[in-house]
1. For the chain, take the longest principal axis of its alpha carbons; what is the angle in degrees between that and the long axis of helix 365-380, to the nearest 10 within 0 to 90?
2. Mind pulling the angle between the C-alpha long axis of helix 24-36 and the longest principal axis of the chain? Nearest 10 degrees, somewhere in 0 to 90.
3. Using 0.36 nm per residue of separation minus the Cα-Cα distance, give me the extension gain between A21 and Q330 in nm, one decimal.
4. Between region 72-114 and region 1-61, how far is it from one alpha carbon centroid to the other, in angstrom?
5. Quick one: pull the percent of accessible area on the chain belonging to carbon and sulfur, 1.4 Å probe, ligands and nucleic acids left out.
6. Taking loop as defined by DSSP and a crowding limit of 13 other beta carbons within 10 Å, which trypsin sites (Lys or Arg not before Pro) in region 1-64 fit?
7. So which lysines pass the test for K401, namely a Cα distance under 18 Å, with those fewer than 8 places away in the same chain ruled out?
8. How far is helix 105-118 tilted, in degrees, relative to the longest principal axis of the Cα atoms in the chain, given as a value from 0 to 90 rounded to the nearest 10?
Amino acid sequence: MGKSLDEDALQSCTALLSNNALNIVTRATLLTAILTLEPTQAERDWITMARDSRPFCRELNSLLFPSESEFPFLSTIHRVIAGEDLSYQSMQTAVAFLFEPHVPAYMKAAFLEAERLKRETAIENKACLDFFLKKASHVVVNTPVLIDISNGYDGFNRTPYLAPFIACSLAAMGFPTVIHGIDEVGPKKGVNSYKLLKQAGLTVDAGLEAVKMRLEDPSYGWAYCDQSQSFPGLHALKTLRIAMVKRPLIATIEKWLQPVKSTGKTFLVTGYTHPPYKHMTQAVIGRSGIYDGVLIVRGAEGSTQLSLDRRTPFVSLRESAVSEGYFSAQTVGLEQEDRLLPQPGITTDSILEMGLDALRGKKNLAYRTIMYQCLVLCREWALLDQKEAQRRIRSVLDSGKALAHWH
């Protein structure tokens, strides 16, 4: 959506937007992108033509004319399309419309797309986070420590996704760990925790009380929490998001909603894809006060998963201290690997096999990635010194203790 459209492409857009057989949400997302991004002369002429001739359905035409807005939400959408940043209160009011069943889906899509292309400010993201936190459900576990692995819910499509195996290994080391997500959502629709656990025959729809019991039980020590259980209202927007195709701000915020908090210390590790989001994440979640420590990394496919073949930029926030730098395998006494190529054909089955082999002690790529990830988290949050952390992670993997927690 950030590329200019030539006259042929714009003619195709006219045909697509005029086709009432196509999903109105998808068409509204496309039109909003054209209206929000800085237009070329050809695009400016096309917008003028559209406003003069009103060639589209009533819903799409309403996005073309700011002065004809009948709904308060539509007025806000036009402000965002025009590039206006919303105040904290205006953003909360706008986000509330996303959960109103009487508000048309195309308006919700237009708002989310305009915000993403305008680029949400830290204030807008903080307003959205605070609103979601109040609407979501949460549970408190009685543990000294809880680690929250916070990956984007759309998963991976080029890299083995290992979060469940990392969580299981941390639990075997004595550190309760929660992962969370959704069955499938765009734009990647990739391999995620839900798909791996479902394929393995493990529970993916446990309620929050069941999640709490797993985390407090040392024979488990890790749990998956599905969005359908922790925030049904947001889960209900999944169809809208799939029809939009683009990744909305929801995808940024939903992974920070803390479905589980510890009576002790709760630590978050989260990821980002584009460099501007590093500072935005730091500004929003780092100042939220809901975590005792936050580690922000630019891992594989924008996730928390550290890459063994390259440096990974990070920001670490704990109490009043902020540190920034790069992780590498050498950071925790491991060898850096040769360049690892993307694996676009990777499947849920192959990742599951690789991960379970690692929990059995097979020294494959998953084993080395799990070890690297666990060592870094132990170091950053002073859970164990490096020597003891290395001894413990090797022990739980090589002895099969980690595999015993996979149930």
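The values are calculated or read from the model by the stated rules, or taken from the named source; none is laboratory data. Please read all numbers here as calculations on a predicted model, not as lab measurements. Using ideal geometry, Cβ is built from the backbone for each residue, glycine included, and neighbour counts are taken over all protein chains shown. Accessible surface areas use protein heavy atoms only, side chains included; no ligands, DNA or RNA. Shrake-Rupley method; radii C 1.70, N 1.55, O 1.52, S 1.80 Å.
1. Roughly 90 degrees, rounded to the nearest 10.
2. 80 degrees
3. 105.7 nm
4. 19 Å
5. Here carbon and sulfur together make up 51 percent of the probe-accessible area.
6. K3
7. Cα-Cα hits under 18 Å: K362, K363.
8. Value to nearest ten degrees: 70.
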